[in-house]
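Worksheet: the structure to be examined is printed underneath.
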Amino acid sequence: MRAAKRKVLESVGQRSGLLPRTVPDPDGDGGSSVIWFGPDAGTAARFVAALQAEGIPSAQLYDGAPVYLNRAYLERRTVSPNRSPWARHPVEVTYRAGLCPVAEDLAARSIAVAIGPDYTGSDLEDVAAAVHKVADALL
């Protein structure tokens, strides 16, 4: 999957307005997705929708928001109240928009494309072609 991810990244190359996510340890990366960041939240959302229309499995990370703005976190819901991290936390923790503005910006601009373990060379070419097509139309 790492090799497949590298192939997609190499095929897409450097595109203005499409910044690939930096991976600090590429050899340790699972390779299950390629992540780029668009120029703004609206473009990233349209990019994902267009990739999906092309049949490419894609999404924004955490639906375009950091994990701490997920409803389960905001409402402190867990599968088991006895195992709740909030019940054992020594101080009151509050989650709100604006807590980590850089994370919020990156999540909103994220474009994630799944890389399956059974993808063929042809599948990877299709992914790269779709990213090129959508980038040409939106960026």
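Some notes on this structure:
- When restricted to residues that are part of a helix (DSSP H, G or I), among the hydrophobic types (A, V, I, L, M, F, W, C) and open to solvent by less than 40 Å² (accessible area, probe 1.4 Å), the range 60-84 contains 1.
- Filter result (small (Gly, Ala, Ser) and either open to solvent by 10 Å² or more (accessible area, probe 1.4 Å) or free of Cβ contacts under 8 Å to residues at least 12 places away in the same chain (or both)) within the range 112-135: Ala112, Ala114, Gly116, Gly121, Ser122, Ala129
- Search result, residues across the range 1-32 that are touching a strand residue (DSSP E or B) at 6+ places or on another chain (Cβ under 8 Å), open to solvent by 30 Å² or more (accessible area, probe 1.4 Å) and not basic (Lys, Arg): Leu9, Leu19, Pro20, Ser32
- Residue within the range 86-108 that is polar (S, T, N, Q) and surrounded by 13 or more Cβ atoms within 10 Å (Cβ to Cβ) present: no
- Selection of the range 33-73 for residues being under 17 Å from Glu104 (Cα atoms) and among the polar types (S, T, N, Q) yields Thr43, Gln60, Asn70.
- Screening the candidates Ala50, Ala87 for the property of being out of contact with any Pro (no Cβ under 6 Å at 6 or more places or on another chain), small (Gly, Ala, Ser) and modelled with pLDDT of 90 or more yields one hit, Ala50.
- Of note, Ala87 does not satisfy the criterion of being touching a residue at least 12 places away in the same chain (Cβ under 8 Å) and not in a loop (DSSP other than H, G, I, E, B).
- Of all residues in the range 17-59, those satisfying the criterion of being part of a strand (DSSP E or B) and of a type in the set (S, T, N, Q) are Ser33, Ser58.
The values are calculated or read from the model by the stated rules, or taken from the named source; none is laboratory data. None of the values given here were measured: they were computed from a predicted structure. Every residue, glycine as well, gets a Cβ built from its backbone with ideal geometry; the counts of neighbours run over all protein chains shown. Heads up: the accessible areas ignore ligands, DNA and RNA and are worked out on the full protein's heavy atoms, side chains in. Shrake-Rupley method; radii C 1.70, N 1.55, O 1.52, S 1.80 Å.
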